[in-house]
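Peer 1: I am attaching a structure below and will ask some questions about it afterwards.
Since every read-out is calculated from the coordinates, none of them should be taken as a lab result. Just so it is clear, the model here is predicted, and its values are computed rather than measured. Cβ placement follows ideal geometry from the backbone for every residue including glycine, while neighbour counts extend to all protein chains displayed.
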Amino acid sequence: TLDIAQSLYLAGLTSYPRTSSQQLDPKLGFTKIMSDLGKQPEYELLSKELLKQKELKPNNGKKTDPAHPAIYPTGLVPGALKDRDRKVYDLVVKRFLATFAKPAIRETMEVVLKVKSEDFIAKGTRTMEENWHVYYKPYVKVDEVTLPNMKEGETIVVSEIKAESKETQPPNRYNQSSIIKELEKRNLGTKATRADILERLFERGYIEGVQITVSKLGMETVVILEKYAPTIVDEKLTADFEERMEQIREGKEKPDHVLEEAKKILTVLLSDFKKKEKSIGQEIVKSIHETRSEQNYIGKCSCSGTLAIKFSKFGRFVGCDKYPDCKITFKLPGKGLVKSTGKVCDKCSSPIIQIAARGRRMQETCLNSQCSSKVSEDSKEAKKIEQQSMDKKCPKCEKPMVLRRSVYGAFLGCSGYPACKTIMKLGAEKKERKEEKKGKAKK
């Protein structure tokens, strides 16, 4: 999402995305931005309604960023955007518009029902006036629970009685969104670095899953560091540094003074770490060896051997442990965390793997790039190119495009690779033409 926000910024459609500010400055020219947004049909009515107000005053939050305001749309009319880019742009615009609307009015009713001297409570909340909700649809999420009309002292008829046995539930596991919010709450990292920190932890195999869990390697690494260098894993040290850096940005601290203090702390910390470096290294290496076979396991081979992630000078791949008797191999993407799901493809019986790669959503896919499950709706185009009955040129070097396959599915790649690394999705031109037609229709 951050990559998409960055591309929208570079296209001049939105402001700088790496900001922690929740405030919009009147110097931005709210009236002009609102008027420009009104040139887009989907925002025309919303913008006109807000421009009727005597004054455009945003409902600013508390957080500030001396370098950048909160993210906002510039008002520039975008050309054809990809689906995900369009959704992110729409979210920014709707959020911007909603901040200028009136507060929503909600009514909450609490009813106390007396059943044989025991009190039972029923609560309901409904929206009376939507106001800003109108501008933020479909992203506003509110629960509507409307209770029937009741009067004090009224006797009601019980239609059903249910006895439920429940236990106190542990807190939910973090997901990528909630852990970033927790890092912000604890003042760890910055708006620009938190997502990268999380991505690095996934890539190194320290954490895994949509509902994030710590891997065995991640858990043992923390235990080792707490044993030999507890200061390194103490979040207070990082939070203090972040706080001091913020004070420098606000002009409350002098850079030289903060750097000198940081230098003293780090010199002592690293000196102590250096003394224990050998012991730390030995325990981490031991932990890596113990967990590597578990993490690299992919599934069963058709020869009854074991498929596991292996490494060569050309990169990583999946191979059988019965090599050289079994020469079955599967290609893997160069980046991203790959792990077994324990599932088997119902099309070709190959293992189903999970891939967490930067810039992509975590997904499950068949390990076999030739599997029929990867045949897309553009398979006719793929067959024509494979049979050389369709001539498609590279848009950059004009060499023929050829059909290539990966664990993600089939795609078009330039025959001039590695000199030219152009790749295209199958049916990309068809989709672009559809988007262009939509854009012309709206105009």
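Peer 1: Tell me the volume per residue, in Å³, of the convex hull enclosing the alpha carbons of the chain.
Peer 2: Roughly 288 Å³ of hull volume per residue.
Peer 1: Right, something else. With r defined as the distance between the Cβ atoms of residue 240 and residue 95 and R0 fixed at 22 Å, what FRET efficiency is calculated, to the nearest 0.05?
Peer 2: The formula returns an efficiency of 0.10 here.
Peer 1: Over the Cα atoms of segment 15-162, what radius of gyration and what Dmax do you get, in Å?
Peer 2: That works out to 21.6, 67 Å for Rg and Dmax.
Peer 1: Additional query: Distance in nm between label sites at residue 226 and residue 404, each 7 Å beyond Cα in the beta-carbon direction?
Peer 2: So the two model labels end up 4.5 nm from each other.
Peer 1: In addition: If you find the alpha carbon centre of segment 18-69 and of segment 244-282, how far apart are they in angstrom?
Peer 2: Centre-to-centre (Cα) distance: 41 Å.
Peer 1: Another question, if that's okay. In segment 61-164, what GluC sites (Glu not before Pro) fall in a loop by DSSP, with at most 13 other Cβ atoms inside 10 Å?
Peer 2: Details: sites: 107, 110, 118, 129, 130, 144, 152, 154, 160, 164; in loops: 130, 144, 152, 154, 160, 164.
Of the GluC sites (Glu not before Pro), the ones in loops of segment 61-164 whose Cβ has at most 13 other Cβ atoms within 10 Å are 144, 152, 154, 160, 164.
Peer 1: Across the Cα atoms of segment 176-286, what radius of gyration and what greatest pairwise Cα-Cα distance (Dmax) are found, in Å?
Peer 2: 16.1, 47
Peer 1: I'd like to know how segment 296-373 sits against the 2.2 N^0.38 Å rule of thumb: what's its Cα Rg over that expected value? List each step's numbers first, then the result.
Peer 2: Values: Rg = 12.1 Å, N = 78, 2.2 N^0.38 = 11.5 Å.
Segment 296-373 yields a ratio of 1.05.
Peer 1: Assuming R0 = 45 Å, can you tell me the calculated FRET efficiency for the pair residue 263 and residue 288, based on Cβ-Cβ distance, to the nearest 0.05?
Peer 2: 0.90
Peer 1: Once a ≥ b ≥ c are taken as the square roots of the eigenvalues of the Cα gyration tensor of segment 2-98, is the result rounded (a/c under 1.5), prolate (a/b larger than b/c) or oblate (a/b not larger than b/c)?
Peer 2: Cα axes put segment 2-98 in the oblate bin.
Peer 1: Each label point is 7 Å from the Cα along the Cα-to-Cβ direction; what then is the distance between the points at residue 196 and residue 86, in nm?
Peer 2: 3.2
Peer 1: Using amide H atoms built 1.01 Å from N in the peptide plane, name the residues 5+ places from residue 301, or on other chains, whose amide H lies under 5 Å from its own.
Peer 2: The list, which skips near neighbours in sequence, is 306, 307.
Peer 1: Once the Cβ-Cβ distance between residue 214 and residue 54 is put in as r, and R0 is 56 Å, what FRET efficiency do you end up with, to the nearest 0.05?
Peer 2: 0.55
Peer 1: I'd like the trypsin sites (Lys or Arg not before Pro) in segment 291-370 restricted to DSSP loop residues with at most 16 other Cβ atoms within 10 Å, sorted by number.
Peer 2: Counting only loop positions with at most 16 other Cβ atoms within 10 Å, the trypsin sites (Lys or Arg not before Pro) in segment 291-370 are 313, 322, 327, 335, 347, 358, 360, 361.
Peer 1: Quantify how much of the Cα-Cα distance distribution of segment 232-349 extends past 24 Å, in percent.
Peer 2: When every Cα pair of segment 232-349 is considered, 56 percent fall beyond 24 Å.
Peer 1: Okay, next question. Viscosity 0.692 mPa s, temperature 37 °C: give me the Stokes-Einstein translational D for segment 260-300 in µm²/s, with Rh taken as the Kirkwood radius over C-alpha pairs. Could you put the intermediate results ahead of the total?
Peer 2: Details: Rh = 12.7 Å.
Using the Kirkwood radius from Cα pairs, D works out to 259 µm²/s.
Peer 1: Can you give the calculated 222 nm mean residue ellipticity of the chain, where each DSSP H run of n ≥ 4 adds -39,500 (n - 2.57) and the sum is split over every residue, rounded to the nearest 500 deg cm²/dmol?
Peer 2: Counting only the DSSP helices, I get -11500 deg cm²/dmol.
Peer 1: Turning to a different aspect of this structure: Subtracting the Cα-Cα distance from 0.36 nm times the residue separation, let me have the gained length for residue 247 to residue 20 in nm, one decimal.
Peer 2: Taking residue 247 through residue 20 to full extension adds about 80.2 nm, to one decimal.
Peer 1: Another question, if that's okay. Only sites in a loop by DSSP and with at most 14 other Cβ atoms within 10 Å count here; which trypsin sites (Lys or Arg not before Pro) in segment 92-158 make the cut?
Peer 2: Answer in residue order: 116, 141, 151.
Peer 1: Mean-square fluctuation check for the chain, GNM, Cα pairs under 10 Å: which of 156, 298, 212 is largest?
Peer 2: The residue that fluctuates most here is 156.
Peer 1: Which pairs in the list 327/347; 327/396; 181/335; 62/339; 141/185; 82/137 are over 31 Å apart, alpha-carbon to alpha-carbon?
Peer 2: Too far apart for the 31 Å limit: 327/396; 62/339.
Peer 1: What list of ³J(HN,Hα) couplings, whole Hz, do you get for segment 331-339 from phi and the Karplus terms 6.51, -1.76, 1.60, once you set θ to phi - 60° and write x for glycine and proline?
Peer 2: Ordered by residue, 3J(HN,Hα) equals 6, 10, x, x, 10, x, 7, 10, 8 Hz.
Peer 1: Enumerate the aspartates and glutamates that residue 114 could reach by cross-link, defined here as Cα to Cα under 13 Å, with residues fewer than 8 away along the same chain left out.
Peer 2: Result set, ordered by chain and number: 152, 154.
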